[in-house]
Every structure is written in C-alpha cells, then in structure tokens.
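Taking it in order: structure first as structure tokens, then the write-up.
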Amino acid sequence: MFASRTDWHLEPNRFAVALEEHRRRGKPLFELTNSNPTTCGFRYPEDQLFATLSDRRALRYEPESLGLRQAREAIADYYRGRPGFFGTKTPVGSGRIVITSGTSEAYNYIFRLLCEVGDEVLVPAPSYPLFEYLAGLADVRPAPYPLLYNQGWQVDFAGLSAALTARSKAVVVVHPNNPTGSFIKREEAQRLAEICARRDLAIIADEVFLDYADGPELPSSFAFESPSLTVTLSGVSKISLLPQMKLGWIVVSGPSVLVDTAMQRLEVIGDTYLSPSTPGQLALAEMLVLREDLQRQMRQRLCANLVFLDTLLQKGGSVDRLKREGGWYAVLRVPTTGPDEDLAIDILESSGVLVHPGHFFDFPRDGFLVLSLIAREAEFQEGARRLLRFFYGT
C-alpha cells in the first residue's frame, strides 16, 4: 500500500530512547543541541512583527507563481552590495527569484526541476542530515563527497570527482556548512563552477547561514553571475531568526539561456503549489529590515558562548575545538573510546548534557561531538563545564 520512498526506519534510536527516559525521570538537562532561536531568549520586536502581519491586503488573494513582486524585490534588495564569487555586474533581480515555504520546499523545487527518478545529487559530508530525506522524497539519490580537515575545512575535489557518475545532476554546497562552519573559498567556487559547466551540472548553494561569519568581511555569495547554472537558497529562518514564518527563496543565476529555461519551469512548479502565505509575503520586507537587531543579538550570543568554551578548552586536555569560520555550531574532537552515539548517551546519563554525536552529520569516523552555540548563556556555560568535567574528571 505504501511507497518505498517512505519506508524509513521509524523505530527510535538508542540516543532518542535515552533522551526520552532522561526527560521522563525529570532529571536536569543542559541542552547544547538547541537550534531553535525562538526558544533561546532572544528579544523579538513583537509589536512590529504583529503589526506587519496584520496588513489588510492579506484579505485579498492574488496568487503569483514566483511570489509577490514586492516580496521578491525585498529579497533582491537583501543581496544589494554583497560580493559575488564571479562578479556582481548583473545584480540579483526580482525576475530570477522564486519564493517558497521554507528552504526544504526550495530543495524539492530544484530536485524536481533538475532530476529524473534515480538521478544523483552530490552532497557534502559532513553536513546536515536532512539531505537524505529531501532527496529520497524527490526520488533522487544523495551521493556524498568529502570535506577534509587540515587546520580548516576544504572540499576534497578528488573525492568529488570520484563521486560523479553519468546520473549526477547537481552538486550541493552549504555556505557556510552546517555543522562545520566552513565557507567555500573563492578558488573552490571557481573550480566547482568549471567542473559543473563542463559536465552540465548545476550548483545548489545553500546560504541560510551566510550572514553569520566570524570575521568582519561580508562573505561572497553564489547568487550573482556564474559559469554554470546555479541556484542559491536562503530564507528568514536564519536571516531574521523566524523559522515559524516558513519563508524561503531560490535565486537562479548562470548562463542566460539556462537561467531563462529554469525560471520558466520554476514558474510552473510554483504555480502548481502556490504555498507561501500572503500575510508572510507582505511582511517579508519588514522581516528583513528587523534582521539587523536580531542578528546583533545572535552574534553576541555566538561570541559569548564560543569565548566561554575556548576558555575552558585552554586549560588543556584531550578535547579540542575544530576551526570554524561561521554558522551556529562548534565541533569538538574528543578521545575515541567507541561509537559517538554511545559516548553522547554516556554524557547525557552521567552529566545531564545533551550533545549531538558526530555520526548524525556523517563525520567520517568517531571522535566528534557537535554543540549548538545559540543556547542561553547560563545553560551553555553550565553544560560546557559539565561536558569538560566528563572528559577531564575535575
């Protein structure tokens, strides 16, 4: 009766069972995995948000397959003044933007645009575990290509080339990567674009964390010119800390013939779903304006928690933090005594601290834990103390 694409293993894993049991017993829990900004104590401009969501124009339904023009123009304005990997002579215009109900839907649009059943999309490893489900629901096979760590993360182009087959249709880059916090470098972007242009592959650039670079310089975006067909994804979930608004977008760039064809087909896909809500689209421009204060709060939180973590690590020991360049996460390299899942369960049960085991993100071997840096400072500090006490015994 049911499709094979939804034949998932739905039994809870041992990590989930241990967490449920910990909560059932009412034991203290220091959650260093929380990535939901709406539960982390940030101050939202509630009056402004509620006012913009009560726009009376939302009572009238005037569907546009690409999204309301004023919303697409607000997105185009978001990119104004940003650097592009391949130049910015052609600005991001509203005519090559498609609004979606979040970036997960944007991935579905793109997979449906590019892929036949059984085609392959290359995805980085380590990276976000949702790709397996998004690809599977579109009848596409995710093929991992490795990121290597050597005092910083980089694309393993030999591994990427080895992963390419006759069924490959696109390469996904997450810029910056989740959870490694590593940005694609300019030379990597150029090399990747050359490979994709030569093999008629598309680049799918996930830039949801683009605004959270550790340094002062604006990182380059894939949303401008490109030698190959490129689709750039982002949304207000991370930009304005508003995941509940379910507003994302696609920006299409590359050779004009390919861009025109892609936009024509995306217009039909968008017209088929018409999923973004009218109130949200009418409020999008204001949501993007409000990002400045919300991002300032987020950067302060990231910096404070990272400084605290590094101060603990400077005392010496067997745990070190891998280099990061942005994003919301920190990766710890820890002694390998067994599977990361066993280690995370042991930390939970003995210290009351919840961390992600590295294998959840397809790290190539055991010995890695992933921490969210957006938790409330007091909770993060106590959780980090307990975590390091687990390893150092002091």
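The values are calculated or read from the model by the stated rules, or taken from the named source; none is laboratory data. Predicted, not measured: the structure shown is a model, and the values here were computed from it. Heads up, the Cβs are rebuilt from the backbone with ideal geometry, glycines too, and the neighbour counts pull from every protein chain shown.
Within the range 28-39, restricting attention to residues that are within 18 Å of the chain's Cα centre (by Cα) and in a loop (DSSP other than H, G, I, E, B), which residue is surrounded by the fewest Cβ atoms within 10 Å (Cβ to Cβ)? Going through the qualifying residues, I end up with ASN36. Residue pairs whose Cβ atoms lie under 8 Å apart, sitting 6 or more positions apart in sequence or on different chains, and linking a residue in the range 328-346 that is closer than 14 Å to PHE363 by Cβ to a partner that is in a strand (DSSP E or B) and of a type in the set (Gly, Ala, Ser), are TYR329/SER372. A count restricted to the range 314-331 and to residues that are outside any loop (DSSP other than H, G, I, E, B) and either within 12 Å of PHE391 (Cα to Cα) or modelled with pLDDT under 95 (or both) stands at 1.
For the range 252-302, residues that are closer than 15 Å to LEU114 by Cα and not in a helix (DSSP H, G or I) total 3. Residue pairs whose Cβ atoms lie under 9 Å apart, separated by 6 or more positions or on different chains, with the first residue in the range 256-277 and without any contact (Cβ under 8 Å) to a residue 12 or more places away in the chain and the second among the hydroxyl-bearing types (Ser, Thr, Tyr), are THR272/SER65. Residue count for the range 354-394 satisfying the condition of being among the aromatic types (Phe, Trp, Tyr) and part of a loop (DSSP other than H, G, I, E, B): 1.
Being surrounded by fewer than 22 Cβ atoms within 10 Å (Cβ to Cβ) and more than 20 Å from GLN70 (Cβ to Cβ) is a property that does not hold for THR278. Close contacts from the range 1-24, counting a first residue that is under 22 Å from VAL117 (Cβ atoms) and a second that is assigned to a loop (DSSP other than H, G, I, E, B), with Cβ to Cβ under 8 Å and a gap of 6+ residues or different chains, come to ARG5/ASP139. The sole residue among ALA262, ALA223, ALA189, ALA205 that is in contact with a His (Cβ under 7 Å, 6 or more places away or on another chain), assigned by TED's automatic domain parsing to the domain that holds ALA283, crowded, with 20+ Cβ neighbours inside 10 Å and small (Gly, Ala, Ser) is ALA205. Against the numbered list (1) outside the structural domain of GLU382 (by TED's automatic domain parsing); (2) touching a residue at least 12 places away in the same chain (Cβ under 8 Å), LEU59 comes up short only at (2).
Restricting attention to the range 225-270, the residues that are within 17 Å of LYS89 (Cα to Cα) and among the acidic types (Asp, Glu) total 1. Against the criterion of being under 19 Å from ALA158 (Cβ atoms) and either in contact with a helix residue (DSSP H, G or I) (Cβ under 7 Å, 6 or more places away or on another chain) or acidic (Asp, Glu) (or both), ARG199 does not qualify.
Residues in the range 332-343 that are in contact with a strand residue (DSSP E or B) (Cβ under 7 Å, 6 or more places away or on another chain) and under 15 Å from LEU388 (Cβ atoms): LEU332, ARG333, VAL334, LEU343.
Matching residues to (1) part of a loop (DSSP other than H, G, I, E, B); (2) in contact with a His (Cβ under 8 Å, 6 or more places away or on another chain); (3) surrounded by 13 or more Cβ atoms within 10 Å (Cβ to Cβ):
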| position | (1), (2), (3) |
| --- | --- |
| GLN48 | no, no, yes |
| ALA51 | no, no, no |
| GLU64 | yes, no, yes |
| GLY67 | yes, no, yes |
| ALA71 | no, no, yes |
| ALA74 | no, no, yes |
| ARG82 | yes, no, yes |
| VAL98 | no, no, yes |
| TYR107 | no, no, yes |
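Restricting the search to the range 10-27, which residues are part of a loop (DSSP other than H, G, I, E, B) and over 28 Å from GLY327 (Cβ atoms)?
LEU10, GLU11, ARG25, GLY26, LYS27
For the range 212-225, filtering for residues that are acidic (Asp, Glu) and under 11 Å from TRP328 (Cα atoms) leaves 1.
Any residue in the range 79-94 that is without any contact (Cβ under 8 Å) to a residue 60 or more places away in the chain sitting within a Cβ distance under 7 Å of a residue that is assigned to a loop (DSSP other than H, G, I, E, B)? List the pairs, counting only those 6 or more apart or interchain. Filtered contacts from the range 79-94: ARG80/PRO91. Consider GLY136 carefully, then state whether it is farther than 17 Å from GLY254 by Cα and assigned by TED's automatic domain parsing to the domain that holds SER253. Taking the combined requirement at face value, the residue satisfies it.
Per the conditions (1) among the basic types (Lys, Arg); (2) under 24 Å from LYS238 (Cα atoms); (3) surrounded by fewer than 17 Cβ atoms within 10 Å (Cβ to Cβ); (4) in contact (Cβ under 8 Å) with a residue 60 or more places away in the chain, the sole criterion not satisfied by ARG324 is (3).
Only one residue in SER240, SER253 is touching a helix residue (DSSP H, G or I) at 6+ places or on another chain (Cβ under 6 Å), closer than 14 Å to ILE75 by Cβ and of a type in the set (S, T, N, Q). Which one? It would help to see each step written out before you state the result.
Values: SER253 fails: touching a helix residue (DSSP H, G or I) at 6+ places or on another chain (Cβ under 6 Å).
When all the criteria are applied, what remains is SER240.
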